[in-house]
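A.B. asks: This is the structure I want to talk about, given as structure tokens.
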Amino acid sequence: MLTQIANEDSSRLSLWQRVREFAVPPSMIETATARRRVGDWAGACAAARVDVDLNLRSLARAHGGEVAARLRADLRHLAPDLLRWHLPRIAPDGLLRPGLTIALARYESQAADGRRPLLLVVRTPPAWASAGQRISLALWDGTHAEATARRHPHPHPGRRFRLDLHRHLWDTRRTGELPARSGAEGHDPVDRWAAEARILLAAEGRRAGDAAGAVLVRLAGRRRLLLDLAAGEVRVAAAPRAGRAAGLPVLPDAATWQPPDVALLRAGVIEADRLHPLVAAALAPDHPAPAPAHPPAPAGGPRLVDCRGARHRIAVVDGVLVPLDHDPVELRREELLAALTGTPLPCLRAVDEAHRRPTGLAEVRARLDHGDTAGALAVVEQLLGSDATLRDGELRDELAAAVRRRIDHGMFRAGLAEPGTHRLPPRRDRPGDHRSRPRHTTCR
């Protein structure tokens, strides 16, 4: 049992290490941060691949000037790259959990037809339209009048996945709260359940000492607990049946788990400079700030190939991967022989293999899965050259599939497509259980 737990923890850390490497690339963070710091919140959202589905011009007229001012202030302090960093993810690839509508902030609308809640929400697309891992910002007032809400599978903000009570995960004014609320200061997240429950009860207009001061906690394997603060002390018991628990507040998912960055730092599998700068500043304040992101380094030295009893070289020259130790006449002759079903030179076979199944295919695939198309193409150019013509094989198939999936996302955004089995992302030995629990199959 101890070995199994250790393996699960190691697998979880390995998964999150890859998520931190590919899901929010440094170039995205740098560009989004630069635009946010000059007040261009819309530009920051564009850099972080966040679609904005709200109209600020009509906001004041529809919901009042006070609400509009508060929303504008929140948008100016929204770090969309940090939000992406902390959004719920699923195993085995660490992709964003699909089909969520997550509340970020709550306002009291002063609409002409009466006061009602107004929420700033972030939405993740359904799995069939999740290519590019784009997310969207919108306002939700309890209706489905918004076009995106009408076609989203879960347009209503959920009780379990909500960040309006955890602004430190997206609001630059509150990131300093991360150590205290994540267990990084030596307290296990379970020890914070009572404090988090009091925050939840206050937001729901209840008090911990009231008779109704109970909170539902969802755990792994669909297990649930009842956290009772009604008697002035914290009591934990098995949750009642679903019908009796329907009206109870649900402790947000962000309050029940420890951010993986804390575990990654403690295990020593990641350095603070590989974290989001705002996360690193909160969890490792003594660590020097990371250097600005730079484009991928140019292709390294030539690759060696065993060719007819000698060690030959292949490398990128003038934007194309070519053999270096054969003259053009010999290469042309060997290419003609290969076209006539002859056996090509090992150097030519190595070049062909690099085009069809390059050594960096796993990295290209990971970047495409997480929506970093520019990063994936940079890796391809580094391996094959900027003027390479792709040949039939796994690399070309991956790039073509990424294009098709991006089209599906565009069709979803335009309301022109519905889900179908042909639109689901490739499984790649994906396990059947995609719930957010148990933890070892979900990124939490």
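A.B. asks: Provide a single number: the residues in the range 34-56 that are part of a helix (DSSP H, G or I) and under 18 Å from L137 (Cα atoms). Explain how you work it out, then say what you get.
C.D. replies: Of the range 34-56, the ones part of a helix (DSSP H, G or I) are 34-37, 41-47.
Add one more test, that the residue is under 18 Å from L137 (Cα atoms), and what stays is 35-36, 41-47.
The total comes to 9.
A.B. asks: Go over the candidates R333, R357, R349 one by one and state the one that is of a type in the set (K, R) and within 28 Å of H409 (Cβ to Cβ). Explain how you work it out, then say what you get.
C.D. replies: Numbers: R333 fails: within 28 Å of H409 (Cβ to Cβ); R349 fails: within 28 Å of H409 (Cβ to Cβ).
Matching residue, one of R333, R357, R349: R357.
A.B. asks: Which residues, taken from the range 259-269, are over 19 Å from I102 (Cα atoms) and either in contact with a Cys (Cβ under 9 Å, 6 or more places away or on another chain) or not in a helix (DSSP H, G or I) (or both)? Talk me through it step by step, then tell me what you get.
C.D. replies: First, the residues of the range 259-269 that are over 19 Å from I102 (Cα atoms): 260-269.
P260, G268, V269 - these are the residues of the range 259-269 that are over 19 Å from I102 (Cα atoms) and either in contact with a Cys (Cβ under 9 Å, 6 or more places away or on another chain) or not in a helix (DSSP H, G or I) (or both).
A.B. asks: Looking at this structure, is P125 assigned to a loop (DSSP other than H, G, I, E, B), open to solvent by less than 20 Å² (accessible area, probe 1.4 Å) and closer than 23 Å to A254 by Cβ? Full working, then the answer.
C.D. replies: On the way: assigned to a loop (DSSP other than H, G, I, E, B): yes; open to solvent by less than 20 Å² (accessible area, probe 1.4 Å): yes; closer than 23 Å to A254 by Cβ: yes.
Considered against the rule, which asks whether it is assigned to a loop (DSSP other than H, G, I, E, B), open to solvent by less than 20 Å² (accessible area, probe 1.4 Å) and closer than 23 Å to A254 by Cβ, P125 comes out as yes.
A.B. asks: Among the numbered criteria (1) modelled with pLDDT of 60 or more; (2) aliphatic (A, V, I, L, M); (3) open to solvent by 80 Å² or more (accessible area, probe 1.4 Å), which single criterion is violated by L424?
C.D. replies: The number of the failed condition is (1).
A.B. asks: Quick check on my filter: what residues within the range 81-90 are open to solvent by less than 10 Å² (accessible area, probe 1.4 Å) and over 8 Å from the mean Cα position of the chain (by Cα)?
C.D. replies: Those that are open to solvent by less than 10 Å² (accessible area, probe 1.4 Å) and over 8 Å from the mean Cα position of the chain (by Cα): D81, L82, L83.
A.B. asks: What about A208, is it in a loop (DSSP other than H, G, I, E, B) and either crowded, with 18+ Cβ neighbours inside 10 Å or modelled with pLDDT of 85 or more (or both)? Give the derivation first.
C.D. replies: Values: in a loop (DSSP other than H, G, I, E, B): yes; either crowded, with 18+ Cβ neighbours inside 10 Å or modelled with pLDDT of 85 or more (or both): yes.
Answer is yes for this residue.
A.B. asks: Would it be correct to say that V24 is in contact (Cβ under 8 Å) with a residue 60 or more places away in the chain, open to solvent by less than 10 Å² (accessible area, probe 1.4 Å) and outside any helix (DSSP H, G or I)?
C.D. replies: Working: in contact (Cβ under 8 Å) with a residue 60 or more places away in the chain: yes; open to solvent by less than 10 Å² (accessible area, probe 1.4 Å): yes; outside any helix (DSSP H, G or I): yes.
In short, yes.
The values are calculated or read from the model by the stated rules, or taken from the named source; none is laboratory data. Keep in mind the model is a prediction, meaning the values are calculated, not measured. As a convention, Cβ positions derive from the backbone with ideal geometry for all residues, glycine included, and neighbour counts pool all protein chains shown. For the accessible areas, the whole protein counts, side chains as well, though only heavy atoms, and no ligand, DNA or RNA atoms are used. Shrake-Rupley method; radii C 1.70, N 1.55, O 1.52, S 1.80 Å.
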